[in-house]
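One structure is given here, and the rest of the page talks about it.
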Number of protein chains: 2
Amino acid sequence: MTLPQRPRVTGLSGDRFRVLYTLIGDESDVQARALDICLEQTVEFPGDLVPDGDIRDHIVGQIDSLDRLDDRRYAAWISYAVETVGAELTQFLNVVFGNISIKPGIRVEQFDLPDSLLAQFKGPRFGVWDWRKLLNVPVRPLLCTALKPMGLSAAELAKLAGQFALGGLDLIKDDHGLANQPFAPFEERVERCAEAVARANAQTGLRCAYMPNITAPADQVLERARFAKQAGAGALLICPGLVSFDVMRQIADSDDIDLPIMSHPSFYGSFVTHEDNGVSHYALYGQLQRLAGADASIYPNFGGRFAFTRAQCEQIVAGCAVPMGQLKPIFPTPGGGMNMHSIPTIREVCGQHAIYLIGGGLHRHSADLVANVQHFLNLVETH
Amino acid sequence: MTLPQRPRVTGLSGDRFRVLYTLIGDESDVQARALDICLEQTVEFPGDLVPDGDIRDHIVGQIDSLDRLDDRRYAAWISYAVETVGAELTQFLNVVFGNISIKPGIRVEQFDLPDSLLAQFKGPRFGVWDWRKLLNVPVRPLLCTALKPMGLSAAELAKLAGQFALGGLDLIKDDHGLANQPFAPFEERVERCAEAVARANAQTGLRCAYMPNITAPADQVLERARFAKQAGAGALLICPGLVSFDVMRQIADSDDIDLPIMSHPSFYGSFVTHEDNGVSHYALYGQLQRLAGADASIYPNFGGRFAFTRAQCEQIVAGCAVPMGQLKPIFPTPGGGMNMHSIPTIREVCGQHAIYLIGGGLHRHSADLVANVQHFLNLVETH
C-alpha cells in the first residue's frame, strides 16, 4: 500500500489568502526557492511525490507572482487555501512562517486575507477610536509611561503611579519586567497601583488607566487578567512573544475581561534583527498585532536605545492602520529610550493617533515627577 | 517627589543564574554593550538614574566575565538574581532575552542555573530513559515518521498510520501542519489514527505510539491533549513557537495527561538564521526544550532541506544531555528531509539515544510502506 491516488479534499471553498515574501536568491534558483515555500508550508512533502488532484491543485501553495527587486532580492506573492488554516491563529502563523522560519533568506513582508478568513478573527476589541472614548481623549496623541525600576516594592511603585496620574498621563503601564517577583507580587502591586491611580483620577477628573503586565505562566494569564479587571485596571499589558500571540487573542476575545490590550515586543526581536530573514516591521508590529487582538503595539522608536530606522517605524505606523476588513486600526506605540526631545519627530512619523511611551526619560527632566508629566503633556499639545 | 533613595529589595536570596552571551563589538564599545544588557534586561532604566543600594547592587545584571573571542566577537557571562525571574518560565525568558532580542549583535549561547532555580522547573516528565521503557526499546535509536501530506482525510491518514505501525516504527506523529482542518478534523483524525495504530500493535506485539499534534488555540490545547490521551495517543506533538514554551511546560506538568512530548521547531527559526543574533542551537533546541518539559526536540538535520551545519547539530545533541540538575536528558530528533542514506551520519552525530525522523523520504524507497519501514529499521539496527 502507498499513498492514495488523486485523493479528494473535502471542504475547499476556493478562497485563498496571500503572503508577500522577500527571497534572497538569483535568477537560477529563485523559482525553486518559491516553490519550496509552497511545499514546505503545506504538504511538507517532496514535490514529485505529492499526489495529483486536489492536494496538488489546491492544498500546495501557489506562486501568484515572482518579481525581481534588485540583484539579490525577489518578491513572491504566494497564496494558500484558507482551509489550510482552519480558523486558528496558531495554524495561520504555521502556514505563513512555520518551517520556513528556519531557512535563511526568506522574509514575510505582508499578508492579504480574504473576508472569509478575516471573519474568523475578532481583532482589536477597542482600537483607536473606542480606546479614545474610554479615556476621553478624542484628538491628541496619548501619553504613557512605565512603572520601574524592577526591585521597587508594590507600595513604591504605587506612589510613582499616583504621581504620574496626578500629572495628567493617560496610561501608566507596568514595566514588562514586572511579573510576580517577591519584591512586588502581582496582586499586591496591581491593587495598590490601581488604587493610587483611581485616587489621582478622583482629584484630577481625568481617566488615567493603569495597565498591569499580565504576562504569566500559561495557567495564570487569564486569572491575572481577571484579577486586574476586578482591581480596577483600565487596560492590560502583555508580551505575546512570551505567552504566544494566540493567548493575546484569547484575552482580547474574552467578554468578561473587556479591556484594551497593549502588546509588548519582548523576546521575538530576532524576527527583525536581520533584514534578509524573519518578518517585516509592517507585518510583525502592525498587521499581526491586529489579527491577534492588540489595541496598541509597542516598538522601539528610531533614535532611541534600539536600531530601528525611521523608514521601519513608518512601516509599523502603516501596518497599524492599513484596511484589514473589520479589524480596527490600533495605536502605534513608539518607546525604547524616548525622551522629551523626541516628541517632534515622533509626531512627524506617527501623527496624532499614537501612544507616546516615555519611561526612564520622564525621570530626567526634574526631580518633580508631576511637573515632568505636565511638561511632557505640554510639549505634546504644542507639537 | 522622585524615586525612593536606596530602596530596600525584600526577598533576595543571593542566588544568581548566569547566561553566556556572544556580543558583536570591539574593544571600544563591548564593555558598554555588556553593561547595557545588565540594565536592559532588569531595571530598564538609564544607568545614572538607577537608585543606589539593593537595586543597583543586586537587581541589575552583573558582568561576571568578558572575553575576546576574535576580532569582532566577545563572550560575556552575565548573572541575574534568581528573584528577577520568580518561578516563571515566561519571566525567565524575559530576563534572558526579552528586550535585547531586538538589538542586533547579541546571541544567547547557554545558561547555567543554580539548583534553587532549577528546582522551580519539573522539566521533561519522561526523558530518554522513561520514554524508552514505555516503548520497550532499551538500546537502539527510536524510529519516527510523520503522517502527511496535508489534505488527506482522517481515514486516509489512519491507513498510513496502520501501515507504518505494522512495519515496526516506534513513533508516528501528525505532520505539524495537521491542526483542525475540515478535511481531517482533529478529533476524527486522532480517534482513527490511534485506533489503527492500536490494531497494528495487537498484531505485532510492539508498542508503537501515535503522537497527535495538539498545537491549537490557547483555549483548546489542554482539551486536545486530554482528548488525545483518552483516544489512546502514546505521546504528543506540540509547537512551542506557536503556543509558547510555557504552554508546553504546562502540558508536561499535567499529571492527568502524563504523556511524552515531542517539540517541533515551527515559527521560531529566526532565532537561529543569523549567527550574530538570536539564541544558539545548543540553548534553543537543547537546554530550553528541557526547561520547558519536552522529552524530544525536533530540529532540521544537516544535509537535509535546511541549512544547519554538522557542528550546530552536535551542539543540539550536547544541549539535550548536558547535566542540568534534576532535569532529565531528552532525545535529539533530527528531521527535515532525512532519508535512508542519512542514517550512518545521523548515528555518528547523535549516537543511539536519539529519534530518527524520516517523513517524505519513507515513501520513496518503494511503493510498499510496510517494507519501507522494515528496511529503515534494518538499516538503523545494522549501523
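Computed from the coordinates by the stated procedures, all read-outs in this text should not be read as laboratory data. Given the structure is predicted, the values throughout are model-derived calculations rather than measurements. All Cβ positions, glycine included, derive from the backbone under ideal geometry; neighbour counts span all protein chains shown.
Computed over neighbours whose Cβ is under 13 Å from that of A:Phe97, the net charge equals 0, Lys and Arg +1, Asp and Glu -1.
Fewest neighbouring Cβ atoms within 10 Å first, the residues A:Glu27, A:Glu40, B:Glu195, A:Glu191 line up as A:Glu27, B:Glu195, A:Glu191, A:Glu40.
Annotation for segment A:103-175 versus segment B:304-383: alpha-carbon center distance of 45 Å.
Can you figure out the FRET efficiency of A:Ile63 with A:Glu187, using R₀ = 51 Å and their beta-carbon distance, to the nearest 0.05?
Calculated transfer efficiency: 0.45.
Proximity of backbone amide H atoms, modeled 1.01 Å from N, is registered between B:Leu237 and B:Asn213, B:Ile214, B:Met262 at under 5 Å, excluding neighbours fewer than 5 places apart on the same chain.
Relative to the current alpha-carbon distance between B:Asp255 and B:Thr10, full extension at 0.36 nm per residue lengthens the span by 84.8 nm. Structural descriptor for chain B: relative contact order 17 percent, calculated from alpha carbon pairs under 8 angstrom and at least 6 residues apart. Size descriptor for chain B, Kirkwood hydrodynamic radius: 22.0 Å (Cα pairs only, one decimal).
Computed over neighbours whose Cβ is under 10 Å from that of B:Pro46, the net charge equals 0, Lys and Arg +1, Asp and Glu -1. Among A:Met262, B:Met338, a tally of other beta-carbon atoms within 10 Å of each Cβ gives an order, fewest to most, of B:Met338, A:Met262. 3J(HN,Hα) along segment B:156-166, derived from phi through the Karplus expression 6.51 cos²θ - 1.76 cosθ + 1.60 where θ = phi - 60°, amounts to 5, 5, 5, 4, 4, 4, x, 5, 4, 5, 4 Hz, with x in place of Gly and Pro.
Basic side chains Lys and Arg get +1 at the Cβ, acidic Asp and Glu get -1 at the Cβ, and with that the dipole of segment A:80-226 about its Cα centre reaches some 500 debye.
With both residues required to sit in the protein assembly as shown, DSSP beta bridges show an antiparallel share near 50%. Between A:Arg364 and A:Gln120, the simple label model (points 7 Å from Cα in the Cβ direction) yields a spacing of 4.6 nm.
With the helix formula -39500 (n - 2.57) applied to DSSP H stretches of n ≥ 4, chain A reaches a computed 222 nm mean residue ellipticity of -9500 deg cm²/dmol. In terms of other Cβ atoms within 10 Å, A:Phe227, A:Phe121 run from fewest to most in the order A:Phe227, A:Phe121. Spatially, segment B:9-63 and segment B:238-275 are offset by 29 Å when compared through their Cα centroids. Summing Lys and Arg as +1 and Asp and Glu as -1 over all other residues whose Cβ lies under 11 Å from the Cβ of B:His363 gives a net charge of 0.
Mean separation of Cα pairs under 8 Å and 6 or more residues apart, divided by the residue count, gives segment A:16-118 a relative contact order of 44 percent.
Computed about the Cα centre, the dipole magnitude for chain B is approximately 1260 debye when only Lys and Arg (+1) and Asp and Glu (-1) carry charge, each at its Cβ.
Quick one: what are the phi-derived ³J(HN,Hα) couplings along segment B:188-196, Karplus 6.51/-1.76/1.60 with θ = phi - 60°, whole Hz, x for glycine and proline? So the Karplus estimates, Gly and Pro as x, are 5, 4, 5, 4, 5, 5, 4, 5, 5 Hz. For segment B:271-288, 3J(HN,Hα) computed residue by residue from phi via the Karplus equation (6.51, -1.76, 1.60; θ = phi - 60°) reads 5, 10, 6, 9, 5, 7, 10, x, 10, 5, 4, 4, 6, 6, 8, x, 3, 5 Hz, glycine and proline entered as x. Summary value for segment A:130-220: 35 percent relative contact order, contacts being C-alpha pairs under 8 angstrom separated by 6+ residues.
Between B:Glu275 and A:Gln374, the simple label model (points 7 Å from Cα in the Cβ direction) yields a spacing of 5.8 nm.
Inter-copy label distances at B:Ser366, shortest first and taken from points set 7 Å along Cα to Cβ: 8.8 nm. Close amide H partners of B:Asp64, meaning residues 5 or more places away or on another chain with modelled amide H under 5 Å apart, are B:Trp77, B:Ile78, B:Ser79. Each DSSP beta bridge with both residues in segment A:127-381 is either parallel or antiparallel, and the antiparallel ones are about 5%.
Under a point-charge model restricted to the Cβ atoms of Lys and Arg (+1) and Asp and Glu (-1), what is the dipole moment magnitude of segment B:16-118 relative to its Cα centre, in debye to the nearest 20?
It works out to roughly 280 debye.
Think of segment A:16-118 as a dipole: +1 on every Lys or Arg Cβ, -1 on every Asp or Glu Cβ, centred on the Cα centre; then among A:Leu89, A:Gln41, A:Ser79, A:Leu89 lies furthest on the positive end. Annotation for A:Thr2, label-to-label distances across the other copies: 7.8 nm (shortest first, one decimal, point 7 Å from Cα along Cα→Cβ). Each other copy holds its own label point for A:Asp71; taking that point as 7 Å from Cα along Cα to Cβ, the gaps run 2.4 nm, nearest first.
Considering every alpha-carbon pair of the protein assembly as shown, the percent of pairs per 10 Å bin, from zero through the bin containing the longest distance, is 3, 15, 25, 26, 18, 9, 3, 1, 0. Around the amide H of B:Ala209, modelled in the peptide plane, lie the amide H atoms of B:Leu171, B:Ile172, all under 5 Å away and 5 or more residues distant in sequence or on another chain. Note on B:Gln31 and B:Glu223: their simple-model spin labels are 5.8 nm apart, each label 7 Å out from Cα toward Cβ.
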